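The block underneath contains the structure these notes are about, expressed in structure tokens.
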Amino acid sequence: MDEKLNNPFRSKRKHGPTTAAATLSQEGRKGGMITMPFIIANEAFEKVASYGLVSNMILYLMREYHIGAAKGSNILFFWSAATNFMPTLGAIIGDSYLGKFLAISLGSVFSFMGILLLWITAMIPQFRPPSCVQFSPSCKPASSSQMAILLSSFALMSIGAGGVRPCSLAFGADQFNRRDDPNNDRVLESFFGWYYASAAVSVLIAFTGIVYIQDHLGWKVGFGVPAILMFLSAILFIIASPFYVKMKTTGNIMTGFVQVIVVSFKNRKLSLPPRDSSGGWYHQRKGSELILPTDNLRCLNKACIIRNPDQDISPDGSALNPWSLCTIDRVEELKVLIRVMPLWSTGIIMSLIVSQNTFPILQAGSMNRHIGSFEFPAGSFGMFTIISLFIWVFFYERVILPLASKIVGKPVRLGTKLRMGMGLFFSCMSMVASGSVESIRRRKAVQEGFTNNPQGVLSMSAFWLVPQHCFTGLAEAMNSIGQTEFYYSEFPKSMSSIASSLFGLAMALASLLATVIISTIDNATSKGGKESWVSSNINKAHYDYYYWLLAILCFLNLLYFFVCSWAYGPCKKLVVTDARNEPNGSNDEEEQELITLGNKFVDEENGFKENGLKENGMKENGLKENGPGMKENGLKVNGLKEEEGLSKSKDLNA
């Protein structure tokens, strides 16, 4: 099969005025720069509040709720899974039912309620087990009601994240989408720049300032400050309601995918048209140039077969019942999603490595963290992951690529799959470094007589943990960014929201997988009265064995990635033609892979999501594409040339 035939979305597409643009024209003078401080403040305060709680939470569970390291890690992994999954659900609800403004508002309120409830557990002693010396036999576990209150606070914060995180950037872009404004591009670029800069600063403040407050002023103040910030986040966003442009809700693509599966099953006994048939057999979306579905996954093609035009097609050309007939475009969108799933699955182990932030905190807490007279907080070592990510992004864009392009004499860019593979390799190196450092740390703990004293502080510097965080940062910078760019370049525009949620879904599954791994290790290694590998006594446990096990999984995953990458084949290329000089609109010159998907942060568990396409799931709102290969000055994106043997039949919708 011709590789081009498997990528039907390379076809030319014509875009008319969108519903979003029409809505904006009706909104008059709403939106614009006046809304920027409120939206950015909402996002920034939410990040400081939420991520400021994550870093030290394992210490709060162990010291105040007398929960073991393994159980505490599992609780946090479940919380992480919920927090990463809810944005996917929130995007669907926000786009289809509530609208972005209401989704963000409710999300901010739920997040505030969750943080407030967590702060109450620190303020009221009855909401926690009685105080005791940590690890002593006299420590009583938390009651069912006390655990219910704690877990309810986590649940509320996850629900809140589901409303704020998937809608905030899209809602902000809605405020600046004025196509009649000649400065629209500059304003949009300014908004995106400030948005991502505030996200970066917020996460760094969370990892440093909030963690420092918790370490030195206690949990009451340490949880009270995030509660105040989240309250300000909600209030500042809601009070600016009269100034916002509020788009109408639209349908969600996930419903369309379900329709394709249902209709394909209903038509399973229907015979497919001959391969050399014209396009009159299939239902086309109005304005689409896809006249025939591809031959891969042909069973799904039955969803777009027109059985009876009089009964299936309305006068305007749309399907009378979308649960009985789907468009070729929708069928092909589902095929593209299915095709990328093997490569997507390689990111689950990568996300599992990135989410390892509980045991490193316990390690750092047992080591010398002093720089002169200043003691570095144990929960702040995660900032080295973020710093490494920043450094790589800067040098990659500003130094490495320009220098390589100058040497070669033409634009140079590392392919998305290459960067994904490099990121997986660095995730393996992160676990190798973690296992090596932990082996040395544990040996020194035994030598210094701290075997039975997990709270003892070794003479070994905690800054030996920095390399593993740097490797994790490089892994994220390459794999996570490359993964997001890969989705955006391979998916059609209508699937941009799916592209932006796939990474979060992988993080959610990785967190669930982490709970399975830890529970299995804990149960298997503690049999016969032995000390578990993931025991609360870090000096008796074998966290190093746990890291080595993850390193083996990483290398196996890297091999699996090679197989999936080979099976997938070449990534999509964009072919660009000059419509002014090419009347037939075709040109065989292949352009470079989509390179304007720039490097922004990867938002989710670790901080932020990379996404370089300026629309980031909001192309339906009329955002204009930027960068080489998609300029509006007469250049247009070309896809497949007409396949041999296929002639365009008369449009069914005409």
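Coordinate-derived values only; no laboratory data. Note that the coordinates shown come from a computational prediction; the quantities given were computed from them, not determined experimentally. Here the Cβ positions follow ideal geometry from the backbone for every residue, glycine too, while neighbour counts run over all protein chains shown.
Summary table
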| read-out | value |
| --- | --- |
| Hull volume in cubic angstrom per residue (convex hull over the Cα atoms of the range 41-82) | 65 |
| Relative contact order %, the range 253-331, counting alpha carbon pairs below 8 Å whose residues are six or more apart | 42 |
| Local electrostatic count, Gly160, Cβ distance below 13 Å [Lys/Arg +1, Asp/Glu -1] | 0 |
| Exposure proxy ranking, count of Cβ atoms within 10 Å, fewest first, for Trp323, Trp281 | Trp323, Trp281 |
| Order of Val211, Val245 - criterion: other Cβ atoms within 10 Å of each residue's Cβ, fewest first | Val245, Val211 |
| Between the range 256-319 and the range 555-569, the alpha-carbon center distance in angstrom | 33 |
| Most to least packed among 547-557, 143-153, 344-354 [average Cβ atoms within 10 Å] | 344-354, 547-557, 143-153 |
| Amide proton proximity set for Ile313, modelled H, under 5 Å, gap of 5+ | Leu320 |
| Alpha-carbon centroid distance for the pair the range 399-438 / the range 220-248, whole angstrom | 38 |
| Rounded, prolate or oblate (a/c below 1.5 giving rounded, otherwise prolate when a/b exceeds b/c) for the range 84-143 by Cα gyration tensor | prolate |
| Taking N as its residue count, the alpha carbon Rg of the range 253-331 over 2.2 N^0.38 Å | 0.98 |
| Relative contact order computed over the range 382-471 (Cα-Cα under 8 Å; 6+ residues apart), in percent | 44 |
| Charge-dipole axis of the range 253-331 as Lys and Arg at +1 and Asp and Glu at -1 on Cβ define it, positive-most pick from Asn296, Trp281, Cys326 | Asn296 |
| Residues His542, His216, sorted so that the one with the fewest Cβ neighbours within 10 Å comes first | His216, His542 |
| Net dipole in debye of the range 253-331 [+1 Lys, Arg Cβ; -1 Asp, Glu Cβ; about Cα centre; nearest 20] | 340 |
